[in-house]
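What follows is a short report on a single structure.
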Amino acid sequence: MLRVAINGYGRIGRCVLRALHERGDADRIQVVAINEPQDLASMAYLSQFDSTHGRFPGQVKEDGTALSVNGRRIRVFHATEPEDVDWAALRIDLLLECSGSFGDRTTAERYQAAGCPRLLLSQPMNTREDTDITVVMGVNEEAIPAAARLVSNASCTTNCVVPLLQLLHRALGVEAAGISTLHSAMNDQPLLDGYHRSDLRRTRSAMHSVIPVSTELARGVERLLPELEGRIHARHLRVPTMNVSVMELNLLLARDTDEAEVNAILKAGCNRVLGWTDLPHASCDFNHDTRSSIVDLTQTRVSGGRLLTVMAWFDNEWAFACRMLEVADRWAARFQH
């Protein structure tokens, strides 16, 4: 039994807990505590009723000062600082840090000083040195050190693009890449125009416009695929949808190819986290899809033999939450033996 706690019970934190139960992992991975500043009644309500993923397939209710999920009692804290919870007393093996608020080692290590033995973070860290390893399932999960204390689950976009980019680079050689992400709206955007602490574009209504935002995706890809360092640029556009995003890769290849060969490579290279489709899909068709990346073979294009365009769908919430659980599982297999 792996004992975990969740810090930050927003979109990803709730998806992680729900995925545990939907995937049948709740008997192996026990959530013993959740830390979330919001009130318990709201936590219980939003766990049970979700506009994006539907009703929780089970029972969620308040149990005194705890949350009861399918009869399992989870202690709830409302702390705003890492030191305000006695993490050591919970005897957890791992903290799933889902608040997205800790991007550097010094800040994240405050949890360890407060009694957390290990942190799995739901966001990329600022630098390579800020984490012991950044993990993308299907790429480098076998490299998790047993002695690791800070592990990053990267970002939803990194989880989508890196397995795909690695496959194409090995088969065809990637000389340069331009990556565009059309990403669903997020909680750091207002429904109506309102203030944002650092980005004027994100002061604008999320439901009214397509909004360019900054992205560190290129740097995240280079951490996982250092052989492509200096060859990638990326842009990120927020679009007025609730969930499911899409990435377009424009790749300059090392050799000539055609669409038939590319699609054959993609089909042959797909696995549990990297899938493909040749049906006329729209984004909503991939809501609640567990895969990190689903390549749309109908959108593959080759120009001049070496300029390749590939498109991939991904559920930016659900797939990412599933990857967090899988990384936790793989990590635990190392440090528990």
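Name the pairs whose Cβ atoms lie under 6 Å apart, with the first residue in region 60-82 and over 21 Å from Leu20 (Cβ atoms), the second in a strand (DSSP E or B) and not aromatic (Phe, Trp, Tyr), and 6 or more positions between them or separate chains? Close Cβ pairs (under 6 Å, with a partner that is in a strand (DSSP E or B) and not aromatic (Phe, Trp, Tyr)) amount to Ala79/Asn35. Residues of region 140-151 include at least one that is of a type in the set (Asp, Glu) and either in a helix (DSSP H, G or I) or farther than 24 Å from Asn35 by Cα (or both).
Which pairs do you get when a residue that is in the same structural domain as Pro226 (by TED's automatic domain parsing), found in region 125-153, comes within reach of a residue that is of a type in the set (A, V, I, L, M, F, W, C) and surrounded by fewer than 16 Cβ atoms within 10 Å (Cβ to Cβ), reach meaning Cβ atoms under 6 angstrom, with the pair 6+ apart or on two chains? Qualifying pairs under 6 Å: none. Inside region 203-225, residues that are without any contact (Cβ under 8 Å) to a residue 40 or more places away in the chain and acidic (Asp, Glu) make up a count of 1. Taken together, the residues in region 142-166 that are over 19 Å from Glu97 (Cβ atoms) and under 20 Å from the mean Cα position of the chain (by Cα) amount to 9. Residues in region 69-103 that are closer than 17 Å to Ala113 by Cβ, among the small types (Gly, Ala, Ser) and out of contact with any helix residue (DSSP H, G or I) (no Cβ under 9 Å at 6 or more places or on another chain): Ala79, Ala88, Ala89. Here region 160-202 is the region considered, the condition is being acidic (Asp, Glu) and without any contact (Cβ under 8 Å) to a residue 24 or more places away in the chain, and the residue that is surrounded by the fewest Cβ atoms within 10 Å (Cβ to Cβ) is Asp193. Residues of region 227-265 that are more than 23 Å from Ala282 (Cα to Cα), of a type in the set (Lys, Arg) and under 27 Å from the mean Cα position of the chain (by Cα): Arg231 alone.
The residues of region 290-337 that are among the aliphatic types (A, V, I, L, M), surrounded by fewer than 20 Cβ atoms within 10 Å (Cβ to Cβ) and touching a strand residue (DSSP E or B) at 6+ places or on another chain (Cβ under 8 Å), listed by number, are Leu297, Val302, Leu307, Met311. Can you name every residue in region 207-260 that is polar (S, T, N, Q) and under 18 Å from Thr158 (Cα atoms)? Ser214, Thr215, Asn243, Ser245, Asn250, listed by residue number.
Just give me the residues in region 167-186 being of a type in the set (Gly, Ala, Ser), over 23 Å from the mean Cα position of the chain (by Cα) and not in a loop (DSSP other than H, G, I, E, B), in sequence order.
Ala171, Ala176
Scanning region 277-316 for residues that are in a loop (DSSP other than H, G, I, E, B) and either under 25 Å from Arg11 (Cα atoms) or among the acidic types (Asp, Glu) (or both) yields a total of 11.
Which count do you get for residues in region 32-65 that are of a type in the set (A, V, I, L, M) and either over 19 Å from Cys98 (Cα atoms) or in contact with an Asp or Glu (Cβ under 7 Å, 6 or more places away or on another chain) (or both)? It would help to see each step written out before you state the result.
Start the filter on region 32-65 by keeping residues that are of a type in the set (A, V, I, L, M), which leaves 32-34, 40-41, 43-44, 46, 60.
Restricting the remaining residues to those that are either over 19 Å from Cys98 (Cα atoms) or in contact with an Asp or Glu (Cβ under 7 Å, 6 or more places away or on another chain) (or both) gives 40-41, 43-44, 60.
Residues that pass the stated criteria total 5.
Go over the candidates Val139, Val60, Val135 one by one and state the one that is surrounded by 14 or more Cβ atoms within 10 Å (Cβ to Cβ), touching a Pro at 6+ places or on another chain (Cβ under 7 Å) and closer than 25 Å to Val244 by Cβ. Only one candidate passes the filter, namely Val139.
The values are calculated or read from the model by the stated rules, or taken from the named source; none is laboratory data. Keep in mind that this is a model prediction, so the values were computed, not measured. In this analysis, Cβ positions are derived from the backbone assuming ideal geometry, glycine residues included, and neighbour counts consider all displayed protein chains.
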